[in-house]
Structure formats: structure tokens, C-alpha cells
Amino acid sequence: MGISVTILGSNSAIPTTERRPTAQIVDVNQDYTLVDCGEGTQIQLRKYGIKFQRISRILISHMHGDHYFGLIGLLNTMHLLCREKDLHIYAPAPLQKIINIQLEAAHSKLRFNVIYHELSMGNCGVICESKQVDISSTPVKHRIDCFGFVFQEKSHGINIRKEAIQQHNLTLEEILQVKAGKDVIRESGELLKNKELIVDPAPLAKYSFISDTKPNPSYLDAIQDSDLLYHEATFMNDMSKRANETFHSTTTQAADVALKANCKRLIIGHFSSRYHSLEPLLNEARQTFKNTELAVEGAVFNV
Ligand SMILES: [Zn+2]
Ligand SMILES: [Zn+2]
């Protein structure tokens with residue numbers, strides 16, 4: 001159980017030979033969500049041995065190409081690999097039109113259903129509920145409509161301690177009551193409190209993805225208390241003017257968001273291709289938020 005994040009790409013608009021544009025796989029108990037799909041994402045999936053067909057849904061944060069130019073290629077490959085399972089895509093409205101034009105021009109008809117869910121700045125909140133996780137969108141502050149995403153793991157259910165069953169000789173009916181979260185009151189009047197019979201529930205993981213944006217209070221509440229936060233840090237602090245003009249964040253601003261939102265760990269990414277070494281960005285962020293890591297390709301973060 002828990003959430004695992006694999007970084008597939010973490011560069012900003014221009015890919016380099018070492019770094020691809022944004023994409024990552026969020027794995028909740030083998031149920032995969034692809035977050036953004038920059039150019040070359042399908043090659044990265046192959047490189048890291050991630051099965052395409054396990055991807056249940058794709059979230060696209062916004063319509064800048066470094067976040068979706070890999071999508072038509074990935075859909076085409078899923079088709080060639082004989083995918084039959086529905087694929088859900090959560091994205092701003094223009095995406096569906098763009099994909100359809102490309103398919104129509106090639107006289108291609110995918111052999112699986114693509115179900116589009118339009119993201120709207122005026123209607124953020126829970127966009128997807130699966131057995132394991134709730135996924136929400138949150139508005140961020142970029143040049144065009146752009147969304148952050150929050151993954152909140154759901155309860156794993158109630159487990160009764162084996163010793164408690166033996167000690168109290170619980171009947172099947174009583175066990176069902178405990179599993180439903182109730183106390184047990186016996187005919188003798190004896191009260192068995194639910195919390196004394198069950199295994200302490202494991203903490204539920206929360207992961208937040210925020211890219212691209214300038215720092216803004218619009219998403220602070222949504223990401224509050226995340227176990228892991230991915231936040232873009234396109235520039236170092238000496239480029240803060242440029243960051244502000246292009247609606248991006250600096251390393252220190254990303255770290256400051258993690259601090260303000262009381263997050264446990266921070267991953268920074270969406271690096272400008274001007275940076276060959278990322279160590280200076282990491283060091284700068286760590287001056288404000290110690291528990292920071294770099295989103296390097298292939299890195300896996302477990303929550
Ligand atoms: Zn971008
Ligand atoms: Zn952008």
C-alpha cells in the first residue's frame with residue numbers, strides 16, 4: 001500500500017540529451033496514473049520497464065507542449081499493443097480536439113475507448129475516485145489555465161487484531177460489527193470498544209503535483225500536509241524576475257511553499273535547460289527546506 005512516484009521527465013520546455021520534459025507515473029497499489037506526457041514519455045516508460053497497459057488514466061496539467069506533446073505517440077502505441085481497456089484522460093478542453101484531429105488525419109481509430117474529462121478552473125476538486133485513491137485538481141497560477149493534482153490515499157479498511165478475536169471469543173456477527181467500525185455490546189452488557197479490537201490504521205499517503213506556476217495561495221490549502229510535494233523550480237533565485245514574468249517558480253519559492261503547506265518532503269523539477277548541473281538548485285532549495293530532492297529521471301519516491 002502507499003503511493004509511489006516514478007519520475008520520467010523533469011525538464012522545462014526544451015528537452016536536452018540528459019533530461020526529458022514533464023511526465024511521471026503515480027502508482028497506487030499497481031493502479032497507474034500518468035501525470036503529464038511530455039515528448040518522449042513512451043520511450044521513458046520502456047526505459048524504466050513500466051507497463052503501458054497498467055495506466056488507467058492520464059492527467060494533463062495544461063496545454064503547453066512540454067506537458068502533452070508525447071500523448072498522440074503513446075495513444076498510438078497503446079493501440080498497436082492491442083489495448084482494450086478504457087483510458088480516462090483529464091485535461092483542459094482543447095486537448096480532445098487536438099487528439100481527434102491527429103487521429104482523423106491518419107484515418108486511425110483506436111481500438112480502445114478514450115474517455116475525456118474536461119478540467120475547469122472554476123470547478124476544481126475531486127476529479128477521480130478509484131478504490132485506492134481520490135484525485136483532486138487545484139488551480140495554479142500560470143500564463144494559461146493550469147492545474148495541480150492531489151492524490152489522497154483511501155482507507156485500507158478495518159483489520160481486527162487476531163489476539164482480540166481469541167481473547168474475547170468474538171462471534172462472526174461481532175466480527176462483522178467491528179469491521180463496520182462499531183463497538184460490540186454483548187448480552188451480558190459487556191462493552192467491547194472498537195478501537196481496542198482493531199489494528200491501528202496505517203497513515204494514509206498524500207502526494208501533490210504542482211507544475212507550472214508562480215507561487216500562489218490558490219493551491220496552498222489543497223496541498224496542506226502532503227507527505228510528498230512535487231513543485232516546479234524552473235529557475236534559481238538570481239532569475240526571480242524571469243520566473244515572475246514567465247509565471248514560474250524559483251528553487252527558494254518552491255521550498256517556501258513546502259514549508260508553508262507543512263509538507264514532509266519536497267521534489268523539485270521542471271528545470272530550465274540552461275542548467276547543466278542540478279546540484280546548485282538542490283543546495284539553494286535545501287537552505288529553506290532541508291528535506292528536498294531532485295526530480296531526476298528514473299528516481300522513485302515512495303510515500
Ligand atoms: Zn512546462
Ligand atoms: Zn507551462
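A short reminder: the numbers here are calculations on the coordinates, not readings from a lab. Just so it is clear, the model here is predicted, and its values are computed rather than measured. Quick reminder, even Gly has a Cβ in these numbers, built from the backbone with ideal geometry, and neighbours come from all protein chains shown.
Provide the per-residue ³J(HN,Hα) series for the stretch 56-61, in order, calculated from phi with Karplus coefficients 6.51, -1.76, 1.60 and θ = phi - 60°, each as a whole number of Hz, with x at glycine and proline positions.
Whole-Hz 3J(HN,Hα) from phi for the stretch 56-61: 8, 8, 10, 10, 10, 5.
Remind me, relative contact order of the chain in percent, using alpha carbon pairs under 8 angstrom and six or more residues apart? List each step's numbers first, then the result.
Working: 658 pairs, mean separation 52.5, N = 303.
It comes to 17 percent, rounded to a whole number.
If you place +1 on the Cβ of every Lys and Arg, -1 on the Cβ of every Asp and Glu, and leave all else neutral, what size is the dipole of the stretch 160-293 about its Cα centre, to the nearest 20 Debye?
Details: 17 positive and 19 negative charges, 47 e Å.
Approximately 220 debye in magnitude.
Please name whichever of Gln44, Val28, Cys146 sits farthest to the positive end of the charge dipole of the chain, dipole taken about the Cα centre and charges placed at Cβ: Lys and Arg +1, Asp and Glu -1.
With unit charges placed on the Cβ atoms, the residue in question is Gln44.
Grab the Cα-Cα distance for Arg242 and Lys154, subtract it from 0.36 nm times how many residues apart they are, and report the gain in nm with one decimal.
Numbers: separation 88, 0.36 × 88 = 31.68 nm, distance 3.97 nm.
Length gained, Arg242 through Lys154: 27.7 nm.
Taking amide H atoms as placed 1.01 Å from N in the peptide plane, list the residues 5 or more away in sequence, or in a different chain, whose amide H sits under 5 Å from that of Tyr116.
For Tyr116, whose amide H was placed from the backbone, the distant partners under 5 Å are Ile89.
Report the calculated FRET efficiency for Lys97 and Thr171 (r = Cβ-Cβ distance, R0 = 45 Å), to the nearest 0.05. All intermediate terms of the calculation are to be shown ahead of the outcome.
Numbers: r = 60 Å, r/R0 = 1.33.
Rounded to the nearest 0.05, the efficiency is 0.15.
What ranking, highest mean first, results for peptides 67-80, 187-200 when packing means the other Cβ atoms within 10 Å averaged over each residue? Before the final figure, lay out each step's value.
Values: 67-80: 19.9, 187-200: 11.5.
Going by the mean number of other Cβ atoms within 10 Å, highest first, we get 67-80, 187-200.
With charges set only on the Cβ (+1 for Lys and Arg, -1 for Asp and Glu), what does the dipole of the chain come to about its Cα centre, in debye to the nearest 20?
Values: 33 positive and 34 negative charges, 104 e Å.
The dipole magnitude comes to about 500 debye.
May I ask you to compute the full-extension gain from Asp31 to Arg186, defined as 0.36 nm times their residue separation minus their alpha-carbon distance, rounded to one decimal in nm? Provide the component values of the computation, followed by the final result.
On the way: separation 155, 0.36 × 155 = 55.80 nm, distance 4.12 nm.
Using 0.36 nm per residue and subtracting the Cα-Cα distance, I get 51.7 nm.
From the phi angles alone, apply the Karplus equation (6.51, -1.76, 1.60; θ = phi - 60°) to the stretch 164-175 and give each ³J(HN,Hα) in whole Hz, x where the residue is Gly or Pro.
Calculated HN-Hα couplings, in order: 5, 5, 5, 4, 9, 6, 5, 7, 4, 4, 5, 4 Hz.
From largest to smallest, what semi-axes in whole angstrom does the stretch 39-152 give when each is the square root of 5 times an eigenvalue of its alpha carbon gyration tensor? If you can, show how the numbers build up before the last one.
On the way: eigenvalues 106, 60, 39 Å².
Taking √(5λ) for each Cα gyration eigenvalue gives 23, 17, 14 Å.
With a point put 7 Å past each Cα toward its Cβ, work out how far Asn123 is from Asp221 in nm, to one decimal.
1.9
Calculate the translational D of the stretch 139-262 in whole µm² s⁻¹ from Stokes-Einstein, where the hydrodynamic radius comes from the Kirkwood formula applied to all Cα pairs, the temperature is 37 °C and the viscosity 0.692 mPa s.
Estimated via Stokes-Einstein, D reaches 184 µm²/s.
On a 0 to 90 degree scale, rounded to 10, what angle separates helix 279-288 from the longest Cα axis of the chain?
Between helix and principal axis, roughly 50 degrees.
Test of understanding: ordering Ser136, Ser273 by Cβ neighbours within 10 Å, fewest first, what list do you get?
Values: Ser136 19, Ser273 15.
Least to most surrounded, the residues fall as Ser273, Ser136.
In Å, what Rg and Dmax follow from the Cα atoms of the stretch 33-95?
11.0, 31
Using 0.36 nm per residue of separation minus the Cα-Cα distance, give me the extension gain between Lys141 and Glu163 in nm, one decimal. Spell out each step's value before the answer.
Values: separation 22, 0.36 × 22 = 7.92 nm, distance 5.27 nm.
Extending this stretch completely gives an extra 2.7 nm.
List the lysines whose alpha-carbon lies under 21 Å from that of Lys141, not counting same-chain residues fewer than 8 positions away?
Lys214, Lys241, Lys260
Using modelled amide H (1.01 Å from N, peptide plane; none on Pro or chain starts), what sits under 5 Å from the amide H of Gly9, excluding residues fewer than 5 places away?
Ala23
Counting Lys +1, Arg +1, Asp -1, Glu -1, what net charge surrounds Gly2 among other residues with beta carbon under 10 Å of its beta carbon?
Overall, the nearby charge balance is -3.
In deg cm²/dmol, rounded to 500, what helix-only [θ] at 222 nm does the chain give when every DSSP H run of at least 4 residues adds -39500 (n - 2.57) and the total is split over its residues? Mind dumping the intermediate values first?
Details: 10 runs with 78 residues, N = 303.
The helix contribution divided over the chain gives -7000 deg cm²/dmol.
Put a dot 7 Å past each Cα toward the Cβ at Gln53 and Glu196; how far apart are the dots in nm?
With each label placed 7 Å out from Cα toward Cβ, I get 5.2 nm.
Quick one: of the DSSP bridges fully inside the chain, what percent are antiparallel, nearest 5? Each step should come with its number before you reach the end.
Values: 33 of 60 bridges.
Bridges in the chain that DSSP calls antiparallel: roughly 55 percent.
Return the tail of the calculated pair distribution for the stretch 204-255, meaning the percent of Cα-Cα pairs more than 19 Å apart. The partial results should precede the final answer.
Numbers: 345 of 1326 pairs.
Tail of P(r) above 19 Å: 26 percent of Cα pairs.
Using just the alpha carbons, could you tell me how many Å³ per residue the convex hull of the chain encloses?
Details: hull volume 48.8 nm³, N = 303.
In the chain, the Cα hull volume divided by residue count equals 161 Å³.
In the stretch 19-106, which GluC sites (Glu not before Pro) are in a loop and have at most 12 other Cβ atoms within 10 Å, using DSSP for the loop call? Each step should come with its number before you reach the end.
Working: sites: Glu39, Glu84, Glu104; in loops: Glu39, Glu84.
Those that pass, being in a loop and sparsely packed, are Glu84.
Would you work out if the stretch 211-303 is rounded, prolate or oblate? Take a ≥ b ≥ c from the square roots of the eigenvalues of the alpha-carbon gyration tensor; rounded if a/c is under 1.5, else prolate when a/b is larger than b/c, oblate otherwise.
Oblate, since a/c reaches 1.5 and b/c is not below a/b.
So in the stretch 15-85, what percent of DSSP beta bridges are antiparallel if you round to the nearest 5?
Values: 6 of 10 bridges.
Antiparallel bridges: around 60 percent, rounded to the nearest 5.
Starting from the amide H of Arg161, placed 1.01 Å from N in the peptide plane, find each other amide H under 5 Å away whose residue is 5 or more places distant or on another chain.
For Arg161, the qualifying residues are Ile198, Val199.
Given the pairs Lys51/Lys131; Lys179/Lys290; Lys131/Lys195; Lys109/Lys154, which span a C-alpha to C-alpha distance of over 32 angstrom in this model?
On the way: Lys51/Lys131 20 Å; Lys179/Lys290 41 Å; Lys131/Lys195 24 Å; Lys109/Lys154 36 Å.
Violating the 32 Å Cα-Cα cut-off are Lys179/Lys290; Lys109/Lys154.
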